[in-house]
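Student: If you scroll down you'll find the structure; I have some questions about it.
The values are calculated or read from the model by the stated rules, or taken from the named source; none is laboratory data. Note that the structure is predicted; figures quoted are calculated from it, not measured. Glycine also receives a Cβ, built like all others from the backbone with ideal geometry; neighbour counts cover every protein chain displayed. Each accessible area value is taken on the protein alone, full model and side chains, heavy atoms only, with ligands, DNA and RNA left out. Shrake-Rupley method; radii C 1.70, N 1.55, O 1.52, S 1.80 Å.
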There are 2 protein chains.
Amino acid sequence: MSLIVQKFGGTSVGSVEKIQHAASRVIQEIKKGHQVVVVVSAMGKTTDELIRLAAGITQTPNKRDMDMLLSTGEQMTISLLSMALQSEGYSSVSMTGWQAGIQTEAVHSKARITHIETTRMKQELAKGKIVVVAGFQGMDANFELTTLGRGGSDTTAVALASSLAAERCDIYTDVDGVYTSDPRYIKGARKLEGISYDEMLELANLGAGVLHPRAVEYAKNHSLPLTVRSSIEDIEGTLIEEESMLEENLVVRGVAFEGDIVRITVYGLENEFTGLAAIFSVLAENHINVDIIIQSQTELNSTNLSFSIKEEELEETRRVLLNNKDALGFSKIEHEAGLAKVSIVGSGMVSNPGVAAQMFQVLAEHTIAVKMVSTSEIKVSTVVEMNDMLRAAQVVHDSFSLESLQPKPQLAK
Amino acid sequence: MSLIVQKFGGTSVGSVEKIQHAASRVIQEIKKGHQVVVVVSAMGKTTDELIRLAAGITQTPNKRDMDMLLSTGEQMTISLLSMALQSEGYSSVSMTGWQAGIQTEAVHSKARITHIETTRMKQELAKGKIVVVAGFQGMDANFELTTLGRGGSDTTAVALASSLAAERCDIYTDVDGVYTSDPRYIKGARKLEGISYDEMLELANLGAGVLHPRAVEYAKNHSLPLTVRSSIEDIEGTLIEEESMLEENLVVRGVAFEGDIVRITVYGLENEFTGLAAIFSVLAENHINVDIIIQSQTELNSTNLSFSIKEEELEETRRVLLNNKDALGFSKIEHEAGLAKVSIVGSGMVSNPGVAAQMFQVLAEHTIAVKMVSTSEIKVSTVVEMNDMLRAAQVVHDSFSLESLQPKPQLAK
């Protein structure tokens, strides 16, 4: 009997009715003869409400206590979904992350899964039960509750699917698949039938928001087919798989954008070699995610350095850098907030050198200033003013004709 | 250094402000040089809201899933209280029931504590931390989350105090002590400075509602001094201790009352000896609490039996009895709902034979019909119509002059 892992996000379990609907999607797979493990997030706005409660007490909550607080959210959902399945006559068992054997690093608020001890889940599946697991959470070696950070439930689902050698992992969400860009903002954005792990990874990293990058990475490393599909409508979603299996081979697969970016500039870095390493080591130790990095030499023996972070990490970043000012050896730091990132992604890019040029050209034609640039083999990212973000994404989406099925990109001369 | 266990109930942690206030009561004890373990309930109406959510899905939720759901309530409170303590500059660690080593029977919704593994708590106390433990919950030997049932947080507090050899266990609540009767309903009800374990046990069992009987029993068995005091005002509460230590020695210490009582009558019980045992065995197996039991022989080889239960257990009681009708050997069952229990409690009663008579007489004078009676060495309970409950409690309270400090009970001639 084949095993399917299904994951329902917060909006898909946001009310009693939605939980009952999710139960019906689980039962659909059971009726097809599959064994099912279901991973759920906290209901709708539960996490936000818990964060608001904590904010009423302190602006700087201890991360361990935050994990303790937030992990109640998914625990509520597993019990309610399990009740819904049983009230339909199906046998189920709810499990917290630690009961499901999800072991993580000893890091709070963004732990990584280190191992999944599947014995208990396998026993329950063998008894014919639907296993309902709390996403986003686990336990470290000291029996401390941990959470996996943003998008953690996707990671839980993919990690479980891989550990249990599932046939497929279905991510149910409030959108019906992966689009060439966000259809709420971009005219002509179109649902993709398929996308490669690498492309999805870039899109996920670029803030497309449908799937967490760690989840995609995990699926890629284990060649696990992943689908993103609607929890509301019963229609085909988008299949994420090896590139070789894809039908279309587009130069540019999609346009992603993400706001609330801050550029930090570090002036007068004394030692350009060790200084650079020291700065990013200390940021990494404090679990601050740095995105684009640009280095420029201005004078003899003094280097300036710019990098982008998310606005929510600005305080922490400033604190960490200023606390280590002498050790790191720089003269001052400045930051520019109110920025956004607009990126194009596509595995066809590597063999089409004019793609980046076309992007810069179309942005220039629309007088959109580019503040930072970063490229990889399958993406080009630009940092622009937050005010220009949606306009930039739209003109780039138009320029690469992503609204049509067989785009013929106009490469820059 | 001496250790104090403090327990804050749901109303005492019902909002961010109340949690901050509870933190200040903890800090008070720390400043006196004590080590402190704090036990908390779920915030205010959280448990009710969770039950309402479950009721939206099914009227017959699985008890395991209910425990999974309800145990999130206290987990929220421990994290928030821990944050509040830290924001005041104190070091603390929040612990779920299972993290605090609270091991229980494998029973859902009303498990008993079997053992407390205190190693981790002692380590944290030794590091100078305030230990904040989720009340009401534990874990069985199969790593399943369990809850202790009504008043479970009191039990957690007393059990922890006893296991950790605490100097005292302070139960903070929304009343400022134990009263001769409920001051919200009974004119002249007065706060007691002290009360014996046995008296408190009867009052708790009789629905006085201030403390859970299991908690008092536990304290008695371990000679643990217990106080009940206000979480709002900083005034003396009521000390619960060995009888020999009490200042006043009253004939009647208090009047308790409790509504929503149902009398079940089992007709035509074939075998009065084994039948009786069989009925209460099967009820006990199903964790149904039976209170007053009255047996009367009507005809040859046929016995009728009445007993009282709480109204919320009526459905389950009927189901259990009717499912076992043949095995138990009875002809039919009937029930009368809308009843209440009014009781007097006092360790002086045993040497004052006229106390019960005085109670019956005052009820008769006020034309209050008594449906069932039960007595012990330190209490007399009567079952009356729900409509008569408060009036009965008031006339009995008046009759024994409980409003004054040195009552001189008028014994019936």
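Student: State which residue is farthest from A:Q6 (Cα to Cα) when the search covers only segment A:161-190 and only residues that are of a type in the set (S, T, Y) and assigned to a loop (DSSP other than H, G, I, E, B).
Tutor: Top of the filtered list is A:Y185.
Student: Six or more apart or on different chains, Cβ under 6 Å: which pairs go from a residue in segment A:46-67 that's acidic (D, E) to one that's surrounded by 19 or more Cβ atoms within 10 Å (Cβ to Cβ) and in a loop (DSSP other than H, G, I, E, B)? Could you list them?
Tutor: A:D67/A:H108
Student: Continuing with this model, one more query. With the condition kept exactly as written, say whether any residue in segment B:102-123 is of a type in the set (K, R) and within 14 Å of chain A (Cβ to nearest Cβ). Spell out how you get there, then give the answer.
Tutor: Of the residues in segment B:102-123, the ones of a type in the set (K, R) are B:110, B:112, B:120, B:122.
Pick out the ones that are also within 14 Å of chain A (Cβ to nearest Cβ) and you get B:120.
Checked segment B:102-123: at least one residue is of a type in the set (K, R) and within 14 Å of chain A (Cβ to nearest Cβ).
Student: Which ones in segment B:126-141 are open to solvent by 50 Å² or more (accessible area, probe 1.4 Å) and not in a loop (DSSP other than H, G, I, E, B)? I'd like the intermediate steps shown before the answer.
Tutor: Step one: of segment B:126-141, the residues open to solvent by 50 Å² or more (accessible area, probe 1.4 Å) are B:126-129, B:141.
Of everything in segment B:126-141, just one residue is open to solvent by 50 Å² or more (accessible area, probe 1.4 Å) and not in a loop (DSSP other than H, G, I, E, B), namely B:A126.
Student: What single numbered condition from (1) in contact with a strand residue (DSSP E or B) (Cβ under 8 Å, 6 or more places away or on another chain); (2) without any contact (Cβ under 8 Å) to a residue 24 or more places away in the chain; (3) not polar (S, T, N, Q) fails to hold for B:D326?
Tutor: With (1) in contact with a strand residue (DSSP E or B) (Cβ under 8 Å, 6 or more places away or on another chain); (2) without any contact (Cβ under 8 Å) to a residue 24 or more places away in the chain; (3) not polar (S, T, N, Q) applied to B:D326, the lone miss is (1).
Student: Please tell me if A:G33 is surrounded by fewer than 24 Cβ atoms within 10 Å (Cβ to Cβ), of a type outside the set (F, W, Y), at pLDDT below 95 and not in a helix (DSSP H, G or I). Let's see the steps before the verdict.
Tutor: Values: surrounded by fewer than 24 Cβ atoms within 10 Å (Cβ to Cβ): yes; of a type outside the set (F, W, Y): yes; at pLDDT below 95: no; not in a helix (DSSP H, G or I): yes.
Answer is no for this residue.
Student: Let me ask something else. For segment B:68-82, indicate whether the set of residues that are buried (at least 20 other Cβ atoms within 10 Å of the Cβ) and farther than 19 Å from B:S12 by Cα is non-empty.
Tutor: Yes, segment B:68-82 has at least one match.
Student: How about segment A:257-269: which of its residues are within 30 Å of A:T180 (Cβ to Cβ), open to solvent by less than 40 Å² (accessible area, probe 1.4 Å) and not small (G, A, S)? Break it down into steps so the answer makes sense when it comes.
Tutor: Taking segment A:257-269 and keeping what is within 30 Å of A:T180 (Cβ to Cβ), we get A:257-263.
Now drop any that are not open to solvent by less than 40 Å² (accessible area, probe 1.4 Å), which leaves A:257-259, A:261-262.
Hits for segment A:257-269 are A:F257, A:E258, A:I261, A:V262.
Student: Another question about this same structure. Go through (1) open to solvent by less than 20 Å² (accessible area, probe 1.4 Å); (2) in a helix (DSSP H, G or I); (3) not charged (D, E, K, R) one by one and return the number of the condition B:Q123 breaks.
Tutor: (1)
Student: I'm checking my understanding of the structure. Among residues of segment A:142-162 that are surrounded by fewer than 24 Cβ atoms within 10 Å (Cβ to Cβ) and out of contact with any Asp or Glu (no Cβ under 9 Å at 6 or more places or on another chain), which one is nearest to the other protein chains (Cβ to nearest Cβ)?
Tutor: Among residues in segment A:142-162 that are surrounded by fewer than 24 Cβ atoms within 10 Å (Cβ to Cβ) and out of contact with any Asp or Glu (no Cβ under 9 Å at 6 or more places or on another chain), the one nearest to the other protein chains (Cβ to nearest Cβ) is A:F143.
Student: Can you tell which of B:S94, B:S82 is at pLDDT 95 or above and not in a helix (DSSP H, G or I)?
Tutor: Step by step, each of B:S94, B:S82 is checked, and only B:S94 is at pLDDT 95 or above and not in a helix (DSSP H, G or I).
Student: Filter segment B:36-74 down to residues that are in a helix (DSSP H, G or I), closer than 18 Å to B:K7 by Cβ and more than 22 Å from the chain's Cα centre (by Cα), then give me how many there are.
Tutor: The initial filter retains those residues of segment B:36-74 that are in a helix (DSSP H, G or I), namely B:46-57, B:63-74.
Going one step further and asking which of them are closer than 18 Å to B:K7 by Cβ, we end up with B:46-47, B:70-71, B:73-74.
From what is left, the residues that are more than 22 Å from the chain's Cα centre (by Cα) are none.
Residues meeting the conditions: 0.
Student: Has segment A:216-224 got at least one residue that is buried (at least 23 other Cβ atoms within 10 Å of the Cβ) and touching a Gly at 6+ places or on another chain (Cβ under 7 Å)?
Tutor: Checked segment A:216-224: no residue is buried (at least 23 other Cβ atoms within 10 Å of the Cβ) and touching a Gly at 6+ places or on another chain (Cβ under 7 Å).
Student: Could you tell me whether B:V370 is modelled with pLDDT under 85 and either assigned to a loop (DSSP other than H, G, I, E, B) or open to solvent by 60 Å² or more (accessible area, probe 1.4 Å) (or both)?
Tutor: Answer is no for this residue.
Student: Let me ask you something else. Out of the residues in segment B:83-99 that are of a type outside the set (S, T, Y) and facing another protein chain (nearest Cβ under 7 Å), which is most open to solvent (accessible area, probe 1.4 Å)? Quick ask: steps written out before the conclusion?
Tutor: Step one: filter segment B:83-99 for residues of a type outside the set (S, T, Y), giving B:83-86, B:88-89, B:93, B:95, B:97-99.
When the remaining residues are screened for being facing another protein chain (nearest Cβ under 7 Å), the result is B:83-84, B:86, B:99.
Values: B:M83: 3, B:A84: 3, B:Q86: 52, B:Q99: 15 Å².
Among them, the one singled out is B:Q86.
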